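J.: Pasting a structure here, questions to come.
The values are calculated or read from the model by the stated rules, or taken from the named source; none is laboratory data. Owing to the predicted nature of the structure, the values given are computational and were not obtained by experimental measurement. Backbone-built Cβ (ideal geometry, glycine too); neighbour counts: all protein chains shown.
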Amino acid sequence: MSEPTPSPHTATTAAGTLWAAARSHPDRICLAEPGRPEGSLGYAATRDRVAATAAGLRALGAEPGDRVALLLPNGVAYVEAFLGALAAGLIAVPLNIRLLRADYAHMLTDSGSRVLVTTGDFLDRLPARESLPGLTVVRADTEGPGSLSALRATTAPLPEPFPARSTDPASLMYTSGTTGLPKAVVLTHGSWRSVAETALRVLGFGPGEVILHAAPLTHGSGFLLLPTLMTGGRTLLARSFDARRTAALLAEEGVTGVFMVPSMIRMLLDALPAGYVPPAALRRVYYAGSPIDPETLREATGVLDGRLVQSFAQMESPMFFTALDQEDHRRAARDPGLPLVRSAGRVLPGVHLTVADGTGAPLPPGRAGEILARAPQTMAGYWNRPEESAAALAGGVLHTGDIGYLDEDGYLFLVDRKKDMIVTGGSNVYAREVEEVLLRLDGVREAAVVGTVHRVWGEAVTAVLVPDGAPRAEEEIVRACRASLAGYRVPKRVVWVDELPRNAYGKVLKRQLRERLSAEIRAE
């Protein structure tokens, strides 16, 4: 008797899911890029390319457990390299394409990556090759020696993916650290699987899904890849986000779902014509990554016919602690006075979330404290950081560093961050790293960096400076910061003050600064 064909829903790894889906529906379109119909790949063709990529990576000498870094924009090559690494038993290390040479030098060194898959667009941002002697660079945008296509031709494709366990690391996802140095979150194959299964339930995945990736696959959007494979859907890969083009794609491609951060939703709304009617095929616009402006939530709910879903979590336990579903959005839009418009949603089944005081004791509804959570997708720890891992996972729960409260109905509300972090356009910026750059500038005696309210970005990085002499022009400060900081970390606003507000212990009262400056912006 022959063995039964595995179902994509029962495969335990992302690569195994692809292999099972290719057996179930080999000719169904799996991957596509807008404007490139010739580049579309069916499920069997995708599996074959991934199998060849996996074999090529192993032929380079990479062994199970080695790290493969990906510095690529959205596209078929990213998916092939990501799934190829996992199929070979390697650990994928997705890198944000918006960073600078120093960031990549740290991440490649910290992860100990053996291979980097990238394109010519990023070569001038990479550290000198001699500083990373064990690293092999593979080009995804050429055909000759050292290219991804040549790599696939070096050996026979892998017949089956490496039999990874659910507890084995699948990826290292870099997130900002309290010292300003990014640290790598270790997500296992089980973590990825758990996020996918939750996405299927919370987002209502069904037959015929067409998922548009307009946000980077290296962040939240990438977590929709596996549930799309599990349902045999089509993954539509936009190289970058353009609001008008995204609006067109939603209609032209029969998109059923898309992931965005709130700033993308704001830009989409601003780009839509008056009287816009969302396409009938669109089932949901799913957003996460930062709080949404209440006005944007109400406007988007109206324009998009209530097809919005929000979730809250963090990279240490990706995507799903809570969810604000479509009916919650409609209720919030109908009654602007409801606190619901500021909620992060209800705690999801399978997640144990408490709000605790400084001793770890649970607080009653309405009382704010640190959010502690236990969820099946939670990280195994931080890569090579045992002390920080132990602190973050003390007591068997994730200490999120976020401050919030639960109401009587079980809705979570975020009120502040224990960690000194700014969330701008869905990207995390730690104030300390920006302050260190500012304090090195001539004419700056003291610096405090806070996030202030911004209509598009959610929060704008704002530098509050005490001058050493005459204040310098804002343009000079911004220009100087660009030499040392990625674009989204550069202050969007510079404010000069005579002194910074401090408490009795000399600590800068950043919350006071943030509230005062945000109030001034709203009043403008």
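J.: Would you check if there is a residue in the stretch 72-86 being of a type in the set (S, T, N, Q), in contact with a strand residue (DSSP E or B) (Cβ under 9 Å, 6 or more places away or on another chain) and crowded, with 24+ Cβ neighbours inside 10 Å? Walk me through it before giving the result.
T.: As a first pass, look at the stretch 72-86 and keep what is of a type in the set (S, T, N, Q): 74.
The next check asks that each one be in contact with a strand residue (DSSP E or B) (Cβ under 9 Å, 6 or more places away or on another chain); those that pass are 74.
Now restrict to residues that are crowded, with 24+ Cβ neighbours inside 10 Å: 74.
Yes, because at least one residue in the stretch 72-86 is of a type in the set (S, T, N, Q), in contact with a strand residue (DSSP E or B) (Cβ under 9 Å, 6 or more places away or on another chain) and crowded, with 24+ Cβ neighbours inside 10 Å.
J.: Okay, moving on. Mind checking whether some residue in the stretch 9-30 is assigned to a strand (DSSP E or B) and either surrounded by 23 or more Cβ atoms within 10 Å (Cβ to Cβ) or of a type in the set (Ser, Thr, Tyr) (or both)? Spell out the reasoning first.
T.: From the stretch 9-30, those assigned to a strand (DSSP E or B) are 29-30; that's our starting set.
Then drop every residue that is not either surrounded by 23 or more Cβ atoms within 10 Å (Cβ to Cβ) or of a type in the set (Ser, Thr, Tyr) (or both), which leaves 30.
Yes: one or more hits.
J.: Looking only at the stretch 268-287, how many residues end up being among the aliphatic types (A, V, I, L, M) and at pLDDT below 95?
T.: At the first step, the residues of the stretch 268-287 found to be among the aliphatic types (A, V, I, L, M) are 268-269, 271-272, 274, 277, 280-282, 285.
Of the ones still in play, those that are also at pLDDT below 95 are 274.
Of the residues in that region, 1 qualify.
J.: Given Tyr286, Tyr276, which one is loosely packed, with under 15 Cβ neighbours inside 10 Å, outside any helix (DSSP H, G or I) and on the phi < 0 side of the Ramachandran plot?
T.: Numbers: Tyr286 fails: loosely packed, with under 15 Cβ neighbours inside 10 Å.
One residue alone meets the criteria, Tyr276.
J.: Does any residue of the stretch 426-433 turn out to be in a loop (DSSP other than H, G, I, E, B), buried (at least 18 other Cβ atoms within 10 Å of the Cβ) and aromatic (Phe, Trp, Tyr)? Spell out the reasoning first.
T.: Of the residues in the stretch 426-433, the ones in a loop (DSSP other than H, G, I, E, B) are 426.
Restricting the remaining residues to those that are buried (at least 18 other Cβ atoms within 10 Å of the Cβ) gives 426.
Then keep just the ones that are aromatic (Phe, Trp, Tyr); that gives none.
Checked against the condition, which is being in a loop (DSSP other than H, G, I, E, B), buried (at least 18 other Cβ atoms within 10 Å of the Cβ) and aromatic (Phe, Trp, Tyr), the stretch 426-433 yields no hits at all.
J.: Could I ask something else about it? Given Thr322, Thr235, Thr231, Thr301, which one is modelled with pLDDT of 95 or more, in contact with a Cys (Cβ under 7 Å, 6 or more places away or on another chain) and hydroxyl-bearing (Ser, Thr, Tyr)? Don't jump to the end; show me each part of the working.
T.: Values: Thr322 fails: in contact with a Cys (Cβ under 7 Å, 6 or more places away or on another chain); Thr231 fails: in contact with a Cys (Cβ under 7 Å, 6 or more places away or on another chain); Thr301 fails: in contact with a Cys (Cβ under 7 Å, 6 or more places away or on another chain).
Thr235 is the lone residue from the list that is modelled with pLDDT of 95 or more, in contact with a Cys (Cβ under 7 Å, 6 or more places away or on another chain) and hydroxyl-bearing (Ser, Thr, Tyr).
J.: Among the candidates Leu224, Leu200, Leu217, single out the residue that is within 29 Å of Arg23 (Cβ to Cβ), part of a loop (DSSP other than H, G, I, E, B), in the same structural domain as Val79 (by TED's automatic domain parsing) and modelled with pLDDT of 95 or more. Before you say what the answer is, go through the steps one by one.
T.: On the way: Leu224 fails: part of a loop (DSSP other than H, G, I, E, B); Leu200 fails: part of a loop (DSSP other than H, G, I, E, B).
When all the criteria are applied, what remains is Leu217.
J.: Would you point out which residue out of Ala470, Ala447, Ala463 is over 20 Å from the mean Cα position of the chain (by Cα), surrounded by fewer than 21 Cβ atoms within 10 Å (Cβ to Cβ) and in the same structural domain as Arg516 (by TED's automatic domain parsing)?
T.: On the way: Ala447 fails: surrounded by fewer than 21 Cβ atoms within 10 Å (Cβ to Cβ); Ala463 fails: surrounded by fewer than 21 Cβ atoms within 10 Å (Cβ to Cβ).
Unique residue meeting the criteria: Ala470.
J.: Then there's this: Of all the residues that make up the stretch 78-107, how many are of a type outside the set (D, E, K, R), within 20 Å of the chain's Cα centre (by Cα) and farther than 30 Å from Trp19 by Cα?
T.: Applying the first criterion (of a type outside the set (D, E, K, R)) to the stretch 78-107 yields 78-79, 81-97, 99-100, 102, 104-107.
Narrowing further to those that are within 20 Å of the chain's Cα centre (by Cα): 78-79, 81-83, 85-86, 91-97, 99-100, 104, 106-107.
Among the residues that remain, those that are also farther than 30 Å from Trp19 by Cα are: 99-100, 104, 106-107.
Matching residues across the stretch 78-107 total 5.
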